[in-house]
Amino acid sequence: MRIVSPLLKNLVYPLLSEGGVFHRTSASGIAIVTYHGVVPPGYELVDAAFDGNLVSADMLRRQLRLLKAHYDVIAPEDFLAWRQIEQKLPRRAVLLTCDDGLLNCLTDMLPVLQDENVKCLFFVTGASAEQSRSMLWYEELFLMLLKGPAGPLEVSSEGISVGGTLDRRDQRQAVWWDLVKRLSQLDATRRASFIYSLRDRFWANADPAFGDPSSPTCRRYGLLTCSEVRQLISAGMSIGSHTLSHPMLSQLPPGVAYEEVAESRTRLEVAFNKRVWAFAYPFGDPQSVTSRVLAMPQEAGYQAALLNFGGGLGSALPPYSLPRIHVTAAMSLSELEAHVSGFYTRLRLHGRRSTPEQ
Ligand SMILES: [Zn+2]
């Protein structure tokens, strides 16, 4: 049986949600959800997919209220105690996480979390152990390629040569994703040098990350500085590692990948005087990890490592490849609940069993 996704989204999920079917299912366990921040007021979206990882403050509030009403939102410390001493958790536990450490985590997401009295595990990069503001390299690259002049593109730097055409948006996106993978093969210094070589041609304006921290652009793209991360910690939030520089770990030589995993933990622990026990794989999709990469967080002393796909109650919970539900702006309340309740995963498993060609 092949079920068309829009039918699920627009008809089946809302009906099941309204009927209370999702939160009456017998599935138990832990559902871990991934946010990437909240769209700051006044920010104009540049691309639906690119900005689609961030949700509105209003949607976040509605999602949290739904999760609180029908599930048990646990604190990250409870999750750690479950991992370490097998402390019992509620039967239908939900853990909130948020990746990347954008400034809006503090300015726009934290107030909602505080209003709703829930805790979140924020995964930040080594850049947030510094006092100066920076931005994610692959976001800067996207903006450059999106806003750069149309026509042929030829760039050669740091041993990476790129050719392509930037006439249409899909061409720009294709060049961007190819570059994300190829630049992940470089260490952070050489990657930064490559991007610097593009700036003259593609970035006429000032870097948005260095603007006024109250501006929507800075809140959207700027990464938290170390004093801002301290404010999150003071507010009762937890911090995990998301590597030093957010590469696609599967593309890096193993030694450099391991340094991204292990050194980020050390750097964050020193900067914040807090134990860093959780790790989230950058990008977190199947192509961003290998079996060698999946072994690294345990070797580096973490207690848990999280992917960014799968998830929901009833899912298997391997401690170093924990599945997570990736929340996007396009996800409705009922769709979120289909994922959290484990309904979506069970449906997929059933679909796979009954359609061997998929
Ligand atoms: Zn990330």
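The values are calculated or read from the model by the stated rules, or taken from the named source; none is laboratory data. These figures come from a predicted structure and were not determined experimentally. Neighbour counts run over all protein chains shown; Cβ positions are idealised from the backbone, glycine included. When the accessible area is computed, the model is the full protein with side chains, heavy atoms only, and any ligands, DNA or RNA have been set aside. Shrake-Rupley method; radii C 1.70, N 1.55, O 1.52, S 1.80 Å.
Here residue 88 is the anchor, and the aspartates and glutamates within straight C-alpha reach of less than 19 Å, apart from those fewer than 8 places off in the same chain, are 72, 77, 78. From the Cα gyration tensor of region 163-306, with a ≥ b ≥ c the square roots of its eigenvalues, which class applies: rounded if a/c is under 1.5, or else prolate if a/b is larger than b/c, or else oblate? It comes out oblate by the Cα gyration axes.
Of the whole protein surface, residue 274 contributes about 110 Å² of accessible area at a 1.4 Å probe radius. Highest GNM mean-square fluctuation among 253, 76, 213, for the chain modelled with Cα contacts below 10 Å: 253. For the residues 140, 18, 337, a GNM of the chain with alpha-carbon springs under 10 Å puts the largest fluctuation on 18.
Close amide H partners of residue 164, meaning residues 5 or more places away or on another chain with modelled amide H under 5 Å apart, are 153. Largest mean-square fluctuation among 264, 161, 215, in a Gaussian network model of the chain whose springs join Cα atoms under 10 Å apart, belongs to 161.
In this structure region 215-289 gives 33 Å² per residue of accessible area when probed at 1.4 Å with all protein chains present.
Averaging the Cα positions of each part gives two centres, and for region 1-70 and region 256-321 these lie 24 Å apart.
Could you give the size of the charge dipole of the chain about its Cα centre, using +1 on the Cβ of each K and R and -1 on the Cβ of each D and E, expressed in debye and rounded to the nearest 20? Write down the numbers at each step before the final one.
Working: 36 positive and 36 negative charges, 201 e Å.
It works out to roughly 960 debye.
For residue 68, the lysines whose Cα falls under 18 Å of its own Cα, not counting residues fewer than eight places away in the same chain, are 119. Taking the 1.4 Å solvent-accessible surface of region 4-141 as the whole, the part contributed by carbon and sulfur is 52%. Rolling a 1.4 Å probe over the protein heavy atoms leaves residue 195 with an accessible area of roughly 10 Å².
With helices as the sole contributors, the chain gives -12000 deg cm²/dmol at 222 nm; each DSSP H run of n ≥ 4 counts as -39500 (n - 2.57), and the sum is divided by every residue.
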